[in-house]
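Asks: Below are the structure tokens for one structure; questions will follow.
The values are calculated or read from the model by the stated rules, or taken from the named source; none is laboratory data. Please read these numbers as outputs of a predicted model, since none were measured by experiment. As a convention, Cβ positions derive from the backbone with ideal geometry for all residues, glycine included, and neighbour counts pool all protein chains shown. These area figures cover heavy atoms from the full protein model, side chains too; ligands, DNA and RNA do not enter into them. Shrake-Rupley method; radii C 1.70, N 1.55, O 1.52, S 1.80 Å.
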Amino acid sequence: TQNSVDVMWGTYATSGTLYWGTSSGNYTDSTASAVFQDAGGRQVHTATITGLAPDQTVYYYIISGRDTVGLNDPSYHAVTAPSDGASFRFIDMGDSHYKPVAFPRIINAMISHDPDLVISSGDLSKAGYIWQMDYQIFGPIAPLAKNTPLFTAIGNHDAAFQDGSSKNYTDLFSLPTNSADGTEDY
């Protein structure tokens with residue numbers, strides 16, 4: 001939002017803390033994560049930084065279990081939404097699943113355009129399995145997602161897990177539930 005940033009990550013650890021500040025290496029605040037979902041033994045964490053101004057940059061790192069990620073690395077940052085009426089850059093991508101050679105090159109091209117937002121129109125994985133999400137989207141997109149918001153829509157491949165449900169997808173993404181039936185599906 002214009003005054004907050006949500007940071008999400010996955011790990012096998014059941015606890016985590018997000019440290020943040022106004023410059024890399026100067027982390028003056030922290031907030032504990034909440035486990036958003038248990039996705040097949042993997043814990044999906046979320047932590048919210050509040051009290052920010054529109055278009056404000058904050059730098060962060062994470063300690064979760066025994067792992068520390070992003071400490072003193074200025075590429076780990078987040079920016080709040082711009083002021084009303086301000087321009088911004090976004091990229092829309094889709095059908096990124098199972099493209100192990102092309103997708104990392106596409107990610108690098110997206111990074112070179114410095115988007116403020118990335119939107120996916122679906123088909124992030126081949127068949128909706130959590131391990132596929134790890135290797136087909138989260139791994140390749142990590143260099144971009146650590147500092148660029150990613151909003152997704154579910155594709156038919158993402159819902160193909162066993163019975164065609166979208167459980168794995170909704171376990172891994174925090175999406176609005178403002179649809180007519182109160183689901184995250186659309």
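Asks: When you check ALA53 against the structure, is it part of a loop (DSSP other than H, G, I, E, B), open to solvent by less than 50 Å² (accessible area, probe 1.4 Å), farther than 20 Å from TYR129 by Cα and among the small types (Gly, Ala, Ser), yes or no?
Replies: Working: part of a loop (DSSP other than H, G, I, E, B): yes; open to solvent by less than 50 Å² (accessible area, probe 1.4 Å): yes; farther than 20 Å from TYR129 by Cα: yes; among the small types (Gly, Ala, Ser): yes.
Criteria met by ALA53.
Asks: Restricting to the range 56-70, what's the tally of residues that are buried (at least 18 other Cβ atoms within 10 Å of the Cβ) and either in contact (Cβ under 8 Å) with a residue 60 or more places away in the chain or β-branched (Val, Ile, Thr) (or both)?
Replies: The total comes to 4.
Asks: Which number in (1) touching a helix residue (DSSP H, G or I) at 6+ places or on another chain (Cβ under 7 Å); (2) closer than 19 Å to VAL5 by Cβ; (3) surrounded by fewer than 16 Cβ atoms within 10 Å (Cβ to Cβ) marks the one condition that LEU144 misses?
Replies: For LEU144, the exception is condition (3).
Asks: May I ask you to list the residues in the range 1-20 that are open to solvent by less than 40 Å² (accessible area, probe 1.4 Å) and over 20 Å from LEU144 (Cα atoms)?
Replies: From the range 1-20, those open to solvent by less than 40 Å² (accessible area, probe 1.4 Å) are 4-5, 7, 9, 11, 13, 16-18, 20; that's our starting set.
Matches in the range 1-20: ALA13, GLY16, THR17.
Asks: Quick check: anything in the range 120-130 surrounded by 18 or more Cβ atoms within 10 Å (Cβ to Cβ), modelled with pLDDT under 95, within 30 Å of SER30 (Cβ to Cβ) and touching a Pro at 6+ places or on another chain (Cβ under 7 Å)?
Replies: no
Asks: Which residues, taken from the range 76-106, are touching a strand residue (DSSP E or B) at 6+ places or on another chain (Cβ under 7 Å) and touching a residue at least 60 places away in the same chain (Cβ under 8 Å)?
Replies: Correct list: TYR76, HIS77, ALA78, VAL79, THR80, GLY94.
Asks: Which one of these is within 21 Å of SER4 (Cα to Cα), in a strand (DSSP E or B) and polar (S, T, N, Q): SER87, SER30, SER83? It would help to see each step written out before you state the result.
Replies: Values: SER87 fails: in a strand (DSSP E or B); SER83 fails: in a strand (DSSP E or B).
Unique residue meeting the criteria: SER30.
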